[in-house]
2 protein chains.
Amino acid sequence: ISNLDLEIGALDKGGFEHFMLKEIYEQPLTLEETFRGRLRNDHSEIVLGGLLDVFPKLEQAGRIIIIGCGTSWHAALIGEYLIEEYAQTPVEVEYASEFRYRNPVIGEKDVVILISQSGETADTLAALRLAKEKGATVLGICNVAGSSLARETDAGVYTHAGVEVGVASTKAFTAQVAVLTMIALQLAKRKETIDAETYRMLVKELSETPAKGRLILESNKKIAAIAEKYKEAVNALYLGRGYLFPVALEGALKLKEISYVHAEGYAAGEMKHGPIALIDDNLPVIVVAPQDAYYEKVVSNIQEVKARKGNVIAVVTEGDTGLHEMVNDVIEIPRSHLAVAPLLAVIPLQLLAYHIAVLKGCDVDRPRNLAKSVTVE
Amino acid sequence: ISNLDLEIGALDKGGFEHFMLKEIYEQPLTLEETFRGRLRNDHSEIVLGGLLDVFPKLEQAGRIIIIGCGTSWHAALIGEYLIEEYAQTPVEVEYASEFRYRNPVIGEKDVVILISQSGETADTLAALRLAKEKGATVLGICNVAGSSLARETDAGVYTHAGVEVGVASTKAFTAQVAVLTMIALQLAKRKETIDAETYRMLVKELSETPAKGRLILESNKKIAAIAEKYKEAVNALYLGRGYLFPVALEGALKLKEISYVHAEGYAAGEMKHGPIALIDDNLPVIVVAPQDAYYEKVVSNIQEVKARKGNVIAVVTEGDTGLHEMVNDVIEIPRSHLAVAPLLAVIPLQLLAYHIAVLKGCDVDRPRNLAKSVTVE
């Protein structure tokens, strides 16, 4: 492990009050960096140089296992949905800390993808070594060049998110999701489980996410005003379906990490099986509800929350005025294909968590009890 | 759907104050009912008559997918760990509400197991129909004979838990886990992935769980006294590893459902990746920490919580005095093999949730906003 001996104070916040806010704002740029040289301009191809030699293994994989901790585990869940949907390869997602202590079923035909921003997360490295021992092909997705994860995997893809200082990961998450989306689409293309038109359309959608991300950042002041309304909340619920279920988990984790509000994410369809009992007029419920295949179902979830006097903050597709009257607060995001929506929908949730934490007087960049990378077990 | 037109008041609480408490106490008996005729007295065999014709399919399955909602989903997670450990078949667990709305990778070699107490959970039935459409073998685990789940699956196993009235499921959960454990062990025997000695030892362990469950129920008064100390808590964290990670999730769900305390379960190894930020001297942390393969790791988690002034209630193996000084409150459970520990460790968590809810004046058998079985989508 190389220690850079960086003092937080010595790094430039670029005019932002906190590193976290700076890093949230950097996401359109870091997405561009992560796509650079990988997405062809005519949307005809995704080139992932680091995986060229191992793509045949990925194509033949009976199963892909994606492993991470915390935020990386949320990115892994999105990867699972994308790879199963488009490449039709069964995917299993595991917590590194669980995987390493059991006797997981892994064979030589399996491919294990490990995700860690720092590339030094202790449990993730232990999982990597276990998977290697069992003969699996091991791939890494990490942000730090030359990290243990990068050195010990058979191949991998770097997220080019740049140094992330804020303990609560933001731009590293979106870069991880961007990489997983590229892997899913390219694998689908090679396996011929996606038609040429859909592939090109989705590559184009991916290439448009940086610009759409910039539009979302323009809502920052509006989101700060919403945060002001909910800054006294001590609990919060985050709901989403499909690709946006892990985004709900990630939004809840951000708030939990930096504001110490007990926020919990749920698959919206699970609400009726327990968490709905929590809902009263004190509980803010953040619903990720863009217009997509699950839209009607999510609207029905919102109605259930409102019927129990819950306060709903909805992340909706721009122009979806139908929801405005139903909910307490609305944050609009540009229309996009569902497959790339996680890259956009997470941004307002990061900003909401940030502003609530600042209003609560929390040390956003160095939240209590947490380390930037968990290098102990 | 046959409506029995039962009035809650018309059923017999058998001297207990609430159906939920009655049903918690019935668990040793319902475990015996679920094992009756299935566990041979000499521990040489598990007979699951309903699965005899489909065991070859299970043996050849490339993958087993277990689907449920809420408490059944927690049982499914335990099933995953058991089947992967002993039968070495890859298992994927899915929320019914998520599975049914995506394009899941399922083939004719896959076996899908659906779990629902009522056998009428709408999302689970929809998932069942989707899995059938895709050509998978579909098996059911349910408690209500003649339910839609029982009728529409290819085969299955009934949990003989009897009528469950309390909205928060207790005895149906332990019966589901008992059935999954029997399936895992019998599949392992048929696949020859377990040696004869281990198999016999685990069948014996299973057969001993009713008696051990009765011993745990003797701690009821002690658990009520612990509940008294934490009745004002508005949040709680539940931690466990391995087989006991889903038990932590289930313990948290019980508290959430009936007392409206925002309780959340976590794999203990994930604590450092976010939830540790929540810990202060107001937050009770319930740690499921029997002496097992993960014991040292869980003790280290407890130390981290204590270092941050958290209050720890630990579920420990009887006689494990080492932990007594470290934590605030201790609940002992009899020593057992880890593979059957979920059937025991969940009981004190059910009792803790029950007593906290009663002390808070909540309507334990009919918690707000919740239905016994969710027959709408």
**OP:** In nm to one decimal, list the spacings between the B:Leu215 label point and its equivalents in the other copies, with label points set 7 Å along Cα to Cβ, shortest first.
**Re:** 6.4
Original post:
In a solvent-free Debye calculation with one equal scatterer on each Cα, what is log10 I(q)/I(0) for chain A at q = 0.11 Å⁻¹, listed in the order of the q values?
Top reply: -0.74
Subject >> Crossing angle, helix A:122-133 versus chain A [Cα axis fit, 0-90 degrees, rounded to tens] >> reply: 30
Subject >> Copies compared at B:Glu377 - label distances in nm, ascending, label defined 7 Å from Cα in the Cβ direction >> reply: 4.7
**OP:** Calculate the dipole size of the range A:230-377 relative to its Cα centre from +1 charges on Lys and Arg beta carbons and -1 charges on Asp and Glu beta carbons; express the result in debye to the nearest 20.
**Re:** 240
**OP:** Give me the orientation-averaged projected area of the Cα convex hull of the range B:139-283, in nm², one decimal.
**Re:** 11.8
Subject >> Set A:Lys109/B:Lys57; A:Lys254/A:Lys372; A:Lys13/A:Lys212; A:Lys191/B:Lys57; A:Lys109/A:Lys254; A:Lys297/B:Lys360 screened for pairs whose C-alpha atoms are more than 25 Å apart >> reply: A:Lys191/B:Lys57; A:Lys109/A:Lys254; A:Lys297/B:Lys360
Original post:
Over all distinct alpha-carbon pairs, what is the Kirkwood Rh of the range B:158-219 in angstrom?
Top reply: 13.3
**OP:** Would you mind checking the radius of gyration and Dmax of the range B:44-119 based on alpha-carbon positions, in Å?
**Re:** 12.7, 42
Subject >> Partner aspartates and glutamates for A:Lys22 [C-alpha distance under 18 Å; skip if fewer than 8 residues away on the same chain] >> reply: A:Glu7, A:Asp12, A:Glu32, A:Glu33, A:Glu164, A:Glu218, A:Glu257, A:Asp363, A:Asp365
Subject >> Theoretical ellipticity at 222 nm over chain B - DSSP helices of four or more residues, -39500 (n - 2.57) apiece, nearest 500 >> reply: -13000 deg cm²/dmol
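On alpha carbon coordinates alone, what is the Rg over Rh value for the range A:104-152, Rh being the Kirkwood radius?
Taking Rh as the inverse mean 1/r over Cα pairs, Rg/Rh reads 0.96.
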Original post:
How large is Rg over Rh for the protein assembly as shown, taking Rg from the Cα atoms and Rh as the Kirkwood inverse mean of 1/r across Cα pairs?
Top reply: 0.94
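Restricting to DSSP loop positions (anything but H, G, I, E, B) with no more than 16 other Cβ atoms inside 10 Å of their own Cβ, which chymotrypsin sites (Phe, Trp or Tyr not before Pro) remain in the range B:10-43?
B:Phe16
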Original post:
Computed on alpha carbon atoms, what radius of gyration and Dmax characterise the range A:244-377, expressed in Å?
Top reply: 15.3, 49
Subject >> the range B:269-302 versus the range A:156-198: alpha-carbon centroid distance in Å >> reply: 32
**OP:** Divide, for the range B:65-209, the radius of gyration over alpha carbons by 2.2 N^0.38 Å, where N is the residue count.
**Re:** 1.01
Original post:
For helix B:171-191, what angle does its Cα long axis make with the longest principal axis of chain B, in degrees from 0 to 90 and rounded to 10?
Top reply: 50
**OP:** Every other copy gets compared here: list the nm distances from the B:Gln303 label point (7 Å along Cα to Cβ) to its counterparts, shortest first, one decimal.
**Re:** 5.4
Subject >> Degrees separating the helix A:196-217 axis from the principal Cα axis of chain A, which is the longest one >> reply: 50
Original post:
Which of the GluC sites (Glu not before Pro) found in the range A:76-150 are loop residues per DSSP with 13 or fewer other Cβ atoms within 10 Å of their Cβ?
Top reply: A:Glu108
Subject >> Cβ charges +1 (Lys, Arg) and -1 (Asp, Glu), total dipole of chain A, debye >> reply: 140
**OP:** With only Lys, Arg, Asp and Glu charged, each at its Cβ (+1 for the first two, -1 for the last two), find how big the charge dipole of the range B:295-377 is about the Cα centre; round to the nearest 20 debye.
**Re:** 300
Original post:
Looking at the range A:66-146, which trypsin sites (Lys or Arg not before Pro) are DSSP coil and have at most 13 other C-beta atoms within 10 Å of their C-beta?
Top reply: A:Lys109
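Every number in this text was worked out from the coordinates using simple rules, so none of it is lab data. These figures come from a predicted structure and were not determined experimentally. Positions of Cβ are backbone-derived with ideal geometry, glycine not excepted, and every protein chain shown enters the neighbour counts.
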